[in-house]
Amino acid sequence: AVELATLEWVSWFNHHRLMGPLGYVPPAEFEANYHRQRAGQAATV
């Protein structure tokens, strides 16, 4: 039960909570956008 509760909390922490310093998006979404942007820049260089 503790393992499941921990996994649920980690999922919420990374995929659902909104972070003000990141523009009120979840950390996982911010990171995905960052990597997508970097890949687009690398393709144009």
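The values are calculated or read from the model by the stated rules, or taken from the named source; none is laboratory data. Everything numeric in this text was worked out from a predicted model, so none of it was measured. Here Cβ is always computed from backbone atoms with ideal geometry, including for glycine, and neighbour counts include all displayed protein chains. Note: areas computed on protein heavy atoms with side chains; ligands, DNA, RNA excluded. Shrake-Rupley method; radii C 1.70, N 1.55, O 1.52, S 1.80 Å.
Points worth noting:
- Residues of the stretch 1-44: accessible area per residue with a 1.4 Å probe, Å²: 86
- With Cα atoms, 0 to 90° folded angle of helix 27-44 axis to the chain main axis: 20
- Three-way shape call for the chain based on the alpha-carbon gyration tensor, with the a/c threshold at 1.5: oblate
- Taking the protein heavy atoms of the stretch 1-44 in the context of the full set of protein chains, the accessible area attributed to carbon and sulfur is 62 percent at 1.4 Å.
- With Cα atoms, 0 to 90° folded angle of helix 2-15 axis to the chain main axis: 30
- The modelled label-to-label distance between A28 and E3, using points 7 Å beyond Cα along the C-beta direction, is 2.0 nm.
- Close amide H contacts of V25 (hydrogens built in the peptide plane, cut-off under 5 Å, sequence separation of 5 or more or a different chain): M19.
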